[in-house]
Amino acid sequence: MRTLLAGLLIFISIAPSAGQESRDTVKVLQAITIRSYEADRPLLQVPASVGLIQQEDLLRFSNASLVPAVNTLPGIRMEERSPGSYRFSIRGSSLRSPFGVRNVKVYWNELPLTDAGGNTYLNQLDANSINQIEIIKGPGSSLYGAGTGGVLLLKSPEPINESALAGSFMTGSFGLTNYQLSFRQGNENSGHYVGYQHQQADGYREQTRMVRDQLNSTFRFTVSDKEELETAIFYTDLYYQTPGGLTLSEYEADPRQARPAAGPNPGAVTQQAAVSLRSFYTGVSHQYHFRKNLHNRTGVYGNFVQFENPSIRNYERRTEQNFGARSTTDWSLQLGSWNGKLIGGGEFMHGFSPIKTYQNLQGVPGSLQSDDEVRALQYNLFGQGELNKNAWLLTGGLSVNWVSYRLIRLSDVPPMPEEVDYTPVFTPRLAVLRKLNDVFSVHGNASWGFSPPTLAEVRPSNGVFNKDLQSEKGMQLELGAKGYFANRKFFIDASLYHFGFDETIVVRRDADGADYFVNAGATNQNGIEFLLHWQPSVSGSLSKLKIWSGLTLNDYIFKDYMKDNVSYSGNELTGVPRQIVTGGIDIELWQRLYGYFTINYTSSLPLDDANTVYAKGYTLLGFRIGYKASFVRDLPAEFFVGADNLLDETYSLGNDLNAAAGRYYNVAPGRNYFGGIRFALNVIRSK
């Protein structure tokens, strides 16, 4: 931390002179307006650490997954246990996510994608259907409700002044096929996007076949000079097999095998372990401008999910029905020499899910083991105020959150209802930003987070309704700096933070392999994040050159943790690597031929709370080379080839933490290749 503080002071000292240099000597990147914390302002003017992924970042890799692009950002770790099975952590551990995305609030086109039980099926969305991702690092509870793990804001393509039929086709190693077709049409008053995506792969390991079809549509149109209406709809049909974790001896003998039979437990192939998910999501948002400085946005949504999961232990069927609403009103005002902005609103989420668990007879439901009906309810009220004068921006936010779960086990005679209501919690946030010039700013903030157990943690795979599990609570202190310097050739985004948790939730597994969760006392999470871009002036045949690098340093430890009368205090937090280094070079010649070259180094990480077993570190090298052509007028096309894991590393990306019988390892693909084409047809520019 002393090193980063010194670095921040150096950059702060040189930044004022940097802003006075000529703007014409370099190609200045367009300022991007982001929505995080309802900011509607450039990234450099937001007093928080926000990771940003745009189309150019996604196109450094294949179209098959968001994982490699997301993992270029400091402080972010996205894991893939098998194709289609994702986990996501922001400044933290995956301890709470044996599978799926938990304790991270996700929005799609500003409507909640996370359900009322705290779970997000991020695998519903194909990478081709996402145009931009904003990632708020640390608690966003002051404006986005319960949670300590951060916020994802996903945005679909938004066509403006164009009409185009576009598509792509890609094929690759291990039976990978990905293709998509979309129509985009838009002008100043309306915009429509509709797309179909298909992806399938046999997978690197045994029992890892995956097939996904998705149809999605967004529509925006102006009703009047005061009103705007938006719709967002998608349907996803997803199937992926789950190979199961391996022990170290199995991993070293044949990492591509699925989990074999062990004692009385059959293997993943015999049980046909897999997930089948069908999801229909629809949302409508209405914006109304009462007057120039008073604006409201209200959205409602519904999500219907059919979920089936034959696993090693059992066969689960769920029918999830979620609906909710979010409303935000902002009022801009003048307070003397200060510009002010007040934001207020609320969010409501309700979920109902019948869950039936059967004996798994080699992929076929057997005798009924349990029949549950579960209800989840979350709602919050929030407010935020801003004051802006000259180079200063002051922000204060506060929310109050209610969460409750209800369960009735119909298979019990007589059925006995269970319920848990978590005490309402206030979660404030204070932040300050100082612009040193037009292109450089520093910020500091303190944010409090409240994260109740998710429904999958209160009712885990062992089937026991755990009313004693307590909510995580924590406070994050952060200091950061971001902006351009050296004649705007360099961009830096640096931050350091301390995150203190109480009642940290961790996963355990019983002898049968079922998950359950306990509170592990307190943890301290200290980190440094550093992102640096260098994009010099270019000329001649070299039309673009960009060199970038990211650094994540984690010092995460259990502060107060006892298990079976053994103290784990001072141990490293399970599942968190100490260092991650990413980097790459983007080159473009003649505005047609390009090459993207990337590297990712991740250090070893502990696999159990006792720190007795570690997953080894790994280094990933990859590239994508392409050529942009236009064979006839208004028919642009792009041909590309690429590769991932060029060093053919054997590594586990989605480890099963604290796994029973030492089944920690889920191997990621070895060296693999891909290639394809992207094109657009009948492009007509609106006048």
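Here the alpha carbons of the stretch 353-508 define both size measures, Rg and Dmax, at 23.3, 75 Å.
In plain terms, if you count all Cα to Cα distances in the stretch 441-480 and split them into 10 Å steps from zero, the share in each step is 25, 32, 21, 16, 6, 0 percent.
Per q in 0.16, 0.23, 0.28 Å⁻¹, report the Debye log10 I(q)/I(0) for the stretch 241-287, using one uniform scatterer on each alpha carbon and no solvent. Debye output, listed in q order: -0.55, -0.85, -1.05. Can you tell me how the stretch 126-174 classifies by the Cα gyration tensor, rounded, prolate or oblate, using a/c under 1.5 as the rounded cut? Cα axes put the stretch 126-174 in the oblate bin.
Can you give the FRET efficiency for residue 545 and residue 160, using 1/(1 + (r/R0)^6), R0 = 22 Å, r = Cβ-Cβ distance, to the nearest 0.05? Let's see the in-between values first.
Numbers: r = 29 Å, r/R0 = 1.30.
Efficiency computed from Cβ-Cβ geometry: 0.15.
Considering every Cα-Cα pair within the stretch 237-361, what fraction, in whole percent, is farther apart than 16 Å? Write out the running numbers ahead of the final one.
Working: 5778 of 7750 pairs.
Tail fraction, whole percent: 75.
Quick note on the stretch 422-555: its Rg to Rh ratio, both from C-alpha atoms and Rh being the Kirkwood radius, is 1.17. Kirkwood radius, the chain, all distinct C-alpha pairs, inverse of mean reciprocal distance: 26.2 Å. Spread over its residues, the convex hull of the C-alpha atoms of the stretch 396-485 is 129 Å³ per residue. Computed over the stretch 71-208, the quotient of the alpha carbon radius of gyration and 2.2 N^0.38 Å is 1.18. Normalised by the number of residues in the stretch 434-563, the average gap of Cα pairs under 8 Å and 6 or more apart makes the relative contact order 20 percent.
Compactness of the stretch 75-142, taken as the C-alpha radius of gyration over 2.2 N^0.38 Å, stands at 1.07. Each of 432, 269, 458, 413 has some number of other Cβ atoms within 10 Å of its Cβ, and from fewest to most they run 413, 432, 269, 458. With a simple spin-label model that places each label point 7 Å from the Cα along the Cα-to-Cβ direction, the separation between residue 416 and residue 649 comes to 5.0 nm. For the pair residue 327 and residue 194 in one chain, pulling the backbone fully straight at 0.36 nm per residue adds 45.3 nm over the alpha carbon distance. For the stretch 278-337, applying the loop criterion from DSSP together with a ceiling of 11 other beta carbons within 10 Å to the GluC sites (Glu not before Pro) yields no site.
Show me the three semi-axes of the equivalent ellipsoid for the stretch 335-438, from the C-alpha gyration tensor (sqrt of 5 times each eigenvalue), largest first, rounded to whole Å.
Working: eigenvalues 499, 54, 17 Å².
For the stretch 335-438, the semi-axes come out at 50, 16, 9 Å.
3J(HN,Hα) along the stretch 233-243, derived from phi through the Karplus expression 6.51 cos²θ - 1.76 cosθ + 1.60 where θ = phi - 60°, amounts to 9, 8, 10, 10, 10, 10, 9, 8, 8, 10, x Hz, with x in place of Gly and Pro. Taking 7 Å steps out from each Cα toward its Cβ at residue 637 and residue 487 produces label points 4.1 nm apart.
Rg and Dmax, both from the Cα atoms of the stretch 558-651 and both in Å, are 21.9, 74. Only helices enter the 222 nm calculation for the chain: every DSSP H run of n ≥ 4 contributes -39,500 (n - 2.57), and dividing by all residues gives -1500 deg cm²/dmol, rounded to 500. The alpha-carbon of residue 482 sits under 16 angstrom from the alpha-carbons of these lysines, leaving out residues fewer than 8 places away in its chain: 137, 435. Computed over the chain, relative contact order equals 13 percent, with contacts defined as Cα pairs under 8 Å that lie 6+ residues apart.
So what is the diffusion coefficient of the stretch 167-265 in µm² per second by Stokes-Einstein at 10 °C and 1.306 mPa s, using a Kirkwood Rh over Cα pairs?
Details: Rh = 17.0 Å.
The calculation lands on 93 µm²/s.
Mind ranking 248-256, 650-658 by how tightly packed they are, going by the mean number of other C-beta atoms within 10 angstrom, highest first? Intermediate values should be presented prior to the final figure.
Details: 248-256: 14.3, 650-658: 21.9.
Ranking the peptides 248-256, 650-658 by packing returns 650-658, 248-256.
Rounded to 0.05, the FRET efficiency of the residue 534 and residue 562 pair, given R0 = 35 Å and the Cβ-Cβ distance, is 0.15. The fewest-to-most ranking of 614, 379, 240 by surrounding Cβ atoms within 10 Å reads 614, 379, 240. Near the amide H of residue 401, within less than 5 Å, lie the amide hydrogens of 425, all on another chain or at least 5 residues away, with H placed in the peptide plane. Sequentially through the stretch 47-53, phi angles give Karplus couplings (6.51, -1.76, 1.60; θ = phi - 60°) of x, 6, 8, 10, x, 10, 10 Hz, Gly and Pro residues having no value and appearing as x.
For the stretch 504-582, the convex hull spanned by the alpha carbon atoms encloses 125 Å³ per residue.
The convex hull of the Cα atoms of the stretch 349-404, projected and averaged over all directions, covers 7.3 nm².
Only the coordinates and a few stated rules stand behind these numbers; no lab work does. Since this is a predicted model, take the numbers as computed values, not measurements. Note that each Cβ is placed from the backbone with ideal geometry, even for glycine, and that neighbours are counted across all protein chains shown.
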